[in-house]
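Report on the structure given below.
The values are calculated or read from the model by the stated rules, or taken from the named source; none is laboratory data. Nothing here was measured: the structure is a model prediction, and the numbers come from that model. Neighbour counts run over all protein chains shown; Cβ positions are idealised from the backbone, glycine included.
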């Protein structure tokens, strides 16, 4: 399986999650138009084209107005994603039908306006497409048909594209939990035989498209795994169309909106505007970007943020990234640690050019790569390259809080000059006695190990390794390989925590 996924991961690592969703939606629309041309779909290809054009134009204009009014950063990707979703779930606008066109325009306008009008603490509360469709239904009496999801001809594209999205963002737990609960609820609330009810739920409803594309939207998804599963259960239970209170019947969009309210209550609030204070070189190939925040910032060591840096001519990876916070909660400034490669992405080029006083936007705080509360638990940190950033956060926090922990850290790099945060590693060795093992692929110096981190290297350096809890951060291939090796060596799965960083550009 890993051999099969390796080339897929190589492609997906070069694409941001938002751009991947956009590509999947674009392919769905193109395939739908082609199938409509050949009579496979019952809709007119021109109606699909018209609906898409109306949704894109309305979303673009309303988004531009909203961003200007509140002086907010804009994302063209989010405009197209929302517009394409609406075009795929609302009934295609029949040529000459004013009511069809009005439904799409109204839903698109409400969807984009909600990003600015329904955003307390500068945080999205509702999935834009869901709130646009639901409020338009209440106001105009027109509802989503979810034609993309109930169509067997498009099911393979929905399934393959959805699996790519879930694999990219590692949300199979969310998707699977929702699908099981929603399917079960539909089966229990319908009078159809079991096989017919199962077919109805999986094939003839919006289940798969909804789960892969809309439920996983990151800004309205809880950052903690436990909360994500509760979120999936809530939406799954409410997903069944037979459920109702009086004359109010459930629908996919209403189920998602109720789930969004739960997410807003349990998730960190708000967007932070970060202002660059300085840049610091941390190795020959890495830099720290040190920011001040516009308001108090609470997080745990090892967590990540989504960082947005608007810039001209963004490449395929877009203007947004997920990066671990390199600073500690004990520090007043926020650090972003970045590795620069020979051909960096447009995001990193723009970041490198950011001058003192320049701004970047941070939101979607999340991640569970945090240390156990028990200070007596023995720990092993394994970092690959820039995967050292969460451990910089952990070590600074431990030092500032004067905690005593048993820690061995394996730090893998290509050459010695790639080693980052050497000063804090030395301080941690001196102050709390951590053991640092540098594993260098090329040109290892005295006191360093040559080659790569492996289960054998770990066993040689940590004799009682099975009694330790492992934290692994680095390139996806390294993390997967080491996790598998540790499991094979007898380390309990619950004692292995991983933190991927995706992409090399």
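Some points to look at:
- Failed item, numbered, when residue 232 is tested on (1) out of contact with any strand residue (DSSP E or B) (no Cβ under 8 Å at 6 or more places or on another chain); (2) surrounded by fewer than 22 Cβ atoms within 10 Å (Cβ to Cβ); (3) more than 24 Å from residue 348 (Cβ to Cβ): (2)
- Any chance residue 213 is touching a residue at least 24 places away in the same chain (Cβ under 8 Å), more than 16 Å from residue 250 (Cβ to Cβ), assigned to a helix (DSSP H, G or I) and assigned by TED's automatic domain parsing to the domain that holds residue 240: yes
- Of all residues making up segment 145-160, the number that are part of a loop (DSSP other than H, G, I, E, B) and either without any contact (Cβ under 8 Å) to a residue 40 or more places away in the chain or closer than 30 Å to residue 269 by Cα (or both): 0
- Scanning segment 44-76 for residues that are at negative phi and modelled with pLDDT under 90 turns up 66, 67, 68, 69, 70, 72, 73, 74, 75, 76.
- Count - residues of segment 452-485 that are part of a helix (DSSP H, G or I) and more than 27 Å from the chain's Cα centre (by Cα): 10
- Note on segment 353-393: residues that are surrounded by fewer than 16 Cβ atoms within 10 Å (Cβ to Cβ), in contact with a helix residue (DSSP H, G or I) (Cβ under 7 Å, 6 or more places away or on another chain) and assigned to a strand (DSSP E or B) amount to 0.
- Sole residue being more than 12 Å from residue 471 (Cβ to Cβ), under 28 Å from the mean Cα position of the chain (by Cα) and outside any strand (DSSP E or B), chosen from 402, 396: 396
- Within segment 316-348, the set of residues being farther than 15 Å from residue 393 by Cβ, in contact (Cβ under 8 Å) with a residue 60 or more places away in the chain and in a loop (DSSP other than H, G, I, E, B) comprises 316, 317, 318, 319, 341, 343, 344, 345.
- Condition broken by residue 158, with the remaining ones in (1) closer than 22 Å to residue 126 by Cα; (2) modelled with pLDDT of 85 or more; (3) under 22 Å from the mean Cα position of the chain (by Cα) satisfied: (1)
- Filtering segment 161-197 to residues that are surrounded by fewer than 21 Cβ atoms within 10 Å (Cβ to Cβ) and outside any helix (DSSP H, G or I) leaves 170, 190, 191, 192, 193.
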